[in-house]
1. If you check residue 215 against the conditions, is it farther than 16 Å from residue 36 by Cβ and either in contact with a strand residue (DSSP E or B) (Cβ under 7 Å, 6 or more places away or on another chain) or crowded, with 18+ Cβ neighbours inside 10 Å (or both)?
2. For the range 25-64, which positions are without any contact (Cβ under 8 Å) to a residue 60 or more places away in the chain and either over 24 Å from residue 133 (Cβ atoms) or buried (at least 16 other Cβ atoms within 10 Å of the Cβ) (or both)?
3. Would you please name the residue that is nearest to the chain's Cα centre (by Cα), looking only at residues in the range 79-98 that are surrounded by fewer than 21 Cβ atoms within 10 Å (Cβ to Cβ) and in a strand (DSSP E or B)?
4. For the range 60-71, enumerate the residues that are in a loop (DSSP other than H, G, I, E, B) and either within 19 Å of residue 111 (Cα to Cα) or at pLDDT 95 or above (or both).
5. Show me the helices (runs of 4 or more DSSP H) entirely contained within the range 104-180 in which 2 or more residues are buried (at least 17 other Cβ atoms within 10 Å of the Cβ) and modelled with pLDDT of 90 or more.
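The values are calculated or read from the model by the stated rules, or taken from the named source; none is laboratory data. For clarity, every value in this text was computed on a predicted model and none was experimentally measured. Using ideal geometry, Cβ is built from the backbone for each residue, glycine included, and neighbour counts are taken over all protein chains shown.
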């Protein structure tokens, strides 16, 4: 693992194994979800900035609704409202007046997919659903959005970010490595067997208080928001 203030070393498989590993994980994903869990310290002053000409700021609820209505931003109004009502923060990138990407951060339990939730403990805030329009990808816009809410998160009492990336999502892993202070802490995921979700995590991830929560337990964690997110990706 990298020390604070350094860049993480990506846990890639050997170059010859990247393609077969990715193919295997995509094939078995209905039965196995397997991810690297990462953390980084939050900074009062962002260490990474968006590219020139791109503005990053908090969008209004109305702007997020408009993005959802556009049909090309992978958002819908119901999920936007549920996230904002939970107190989640959204940082969005704009080119002129057009929203071209966003990144969400949560401060308590948060939905994952298919009625599975994510649980984590302070001082970690959880980063989820980062999206950039295809024509803007490759410009490191996500790296400019991710730290935008750091100072506000620190004022809420959170000192570190926690997130995860699937082990075969090499582009996202490489982007993750460009964040100062990013650490790959361990792995977590779950099996789907005989209609059951069976979570697992490495010892290091367990010490962080991070876990995937199966649907039957998620009912106790969702604070009434679970129905808005069931069966879909956030």
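1. Details: farther than 16 Å from residue 36 by Cβ: yes; either in contact with a strand residue (DSSP E or B) (Cβ under 7 Å, 6 or more places away or on another chain) or crowded, with 18+ Cβ neighbours inside 10 Å (or both): yes.
Against the criterion (farther than 16 Å from residue 36 by Cβ and either in contact with a strand residue (DSSP E or B) (Cβ under 7 Å, 6 or more places away or on another chain) or crowded, with 18+ Cβ neighbours inside 10 Å (or both)), residue 215 qualifies.
2. 27, 28, 29, 59, 63, 64
3. That would be 89.
4. Step one: of the range 60-71, the residues in a loop (DSSP other than H, G, I, E, B) are 60, 71.
Result: 60, single match.
5. On the way: elements: 141-145, 150-155, 170-176.
Those helices (runs of 4 or more DSSP H) span 141-145, 150-155.
Residues checked against (1) in contact (Cβ under 8 Å) with a residue 12 or more places away in the chain; (2) in contact with a helix residue (DSSP H, G or I) (Cβ under 6 Å, 6 or more places away or on another chain):
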residue	(1), (2)
125	yes, yes
136	yes, no
139	yes, no
147	yes, no
155	no, no
159	yes, no
168	yes, yes
172	no, no
190	yes, no
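Every residue, every condition in (1) out of contact with any strand residue (DSSP E or B) (no Cβ under 6 Å at 6 or more places or on another chain); (2) over 25 Å from residue 203 (Cα atoms); (3) part of a helix (DSSP H, G or I); (4) modelled with pLDDT under 75, yes or no:
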| residue | (1), (2), (3), (4) |
| --- | --- |
| 8 | no, no, no, yes |
| 16 | yes, yes, yes, no |
| 23 | yes, yes, yes, no |
| 27 | yes, yes, yes, no |
| 33 | no, no, no, no |
| 37 | no, no, no, no |
| 43 | yes, yes, no, no |
| 46 | yes, yes, no, yes |
